[in-house]
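This report concerns only the one structure given below.
The values are calculated or read from the model by the stated rules, or taken from the named source; none is laboratory data. None of the values given here were measured: they were computed from a predicted structure. Note that each Cβ is placed from the backbone with ideal geometry, even for glycine, and that neighbours are counted across all protein chains shown.
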């Protein structure tokens, strides 16, 4: 069906938008254009001399960095394209009698809210709670698109899988644990805390005595001209980073246990999903360690974001298959 092909393409495109968003954020290009939806009042990054002169009068404190501005605008262009694709999916679902209706409507509402978060990310000068919400919104959109695809394309497990059904509680716990870890990762990134600890396994120095949990997880960080590069002190950023690392251990153990148990499922679909989950967890742990050892190289940091998105998708599939088909 055409709608299934469109959703599959949209899933791939959504992953590209997530990766581009991570690349933009990690390149410190989130404020490459200080206004929204254009860039210094233009649909593209201005380069003509008369435009630059006008910008200097309208944005006296702005320093135009074309590379960063183009990164931000490309992210906006492809995000806008994704919005049109979601609109097309919604229209097709509404026209098709057998297609779900509530889920595509919710996805459409979510992407409108995502656009608003994208605007607030700029207008609120990278306020961490807004940046994190924008990241979580993108991941949620990715997961819901897969759920819509699964509801449109029947998943068949002949005869069910009585062994796999016993893993439903563990699969749900794994999903919740991963969601918490993704939130912690988003909070670490939005507060520029990724390099707060540069040694393994936890952090350098007497980190236990310097934990500041209340400050680390307060969504309110006061009024600042900009939150770019972070406004928290070292101890607070270190607390955020340590929390992300410790919960990463919890997440890895939980997901590995689920993956190993899925090896004994009767259905090859569930067994293969377990192998995929195990591979993704090992890869994600390796990327996380590489970020620390190699001082957060851009390519690996972006891949770490992508790995988290793929883990989320895998757990959505596993939970759906266990609940609806096994």
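Return yes when residue 243 is in contact (Cβ under 8 Å) with a residue 12 or more places away in the chain, more than 20 Å from the chain's Cα centre (by Cα) and surrounded by 15 or more Cβ atoms within 10 Å (Cβ to Cβ) and no when it is not. Step through it out loud before you land on a result.
Details: in contact (Cβ under 8 Å) with a residue 12 or more places away in the chain: yes; more than 20 Å from the chain's Cα centre (by Cα): no; surrounded by 15 or more Cβ atoms within 10 Å (Cβ to Cβ): yes.
No.
Can you confirm whether residue 34 is more than 18 Å from the chain's Cα centre (by Cα), outside any helix (DSSP H, G or I) and either assigned by TED's automatic domain parsing to the domain that holds residue 301 or surrounded by 14 or more Cβ atoms within 10 Å (Cβ to Cβ) (or both)?
On the way: more than 18 Å from the chain's Cα centre (by Cα): yes; outside any helix (DSSP H, G or I): yes; either assigned by TED's automatic domain parsing to the domain that holds residue 301 or surrounded by 14 or more Cβ atoms within 10 Å (Cβ to Cβ) (or both): yes.
Spelling it out, residue 34 is indeed more than 18 Å from the chain's Cα centre (by Cα), outside any helix (DSSP H, G or I) and either assigned by TED's automatic domain parsing to the domain that holds residue 301 or surrounded by 14 or more Cβ atoms within 10 Å (Cβ to Cβ) (or both).
What about residue 258, is it in a loop (DSSP other than H, G, I, E, B) and buried (at least 21 other Cβ atoms within 10 Å of the Cβ)? Break it down stepwise before answering.
On the way: in a loop (DSSP other than H, G, I, E, B): no; buried (at least 21 other Cβ atoms within 10 Å of the Cβ): yes.
So residue 258 does not fit the description; no.
Within region 152-169, can you find the residues that are crowded, with 17+ Cβ neighbours inside 10 Å and not in a loop (DSSP other than H, G, I, E, B)? Hits for region 152-169 are 152, 164.
Filtered by the rule that a residue be assigned to a helix (DSSP H, G or I), at pLDDT 95 or above and more than 19 Å from residue 20 (Cβ to Cβ), region 117-143 gives 128, 129. Any residue in region 195-209 that is touching a helix residue (DSSP H, G or I) at 6+ places or on another chain (Cβ under 9 Å), surrounded by 13 or more Cβ atoms within 10 Å (Cβ to Cβ) and under 30 Å from residue 155 (Cα atoms)? Checked region 195-209: no residue is touching a helix residue (DSSP H, G or I) at 6+ places or on another chain (Cβ under 9 Å), surrounded by 13 or more Cβ atoms within 10 Å (Cβ to Cβ) and under 30 Å from residue 155 (Cα atoms).
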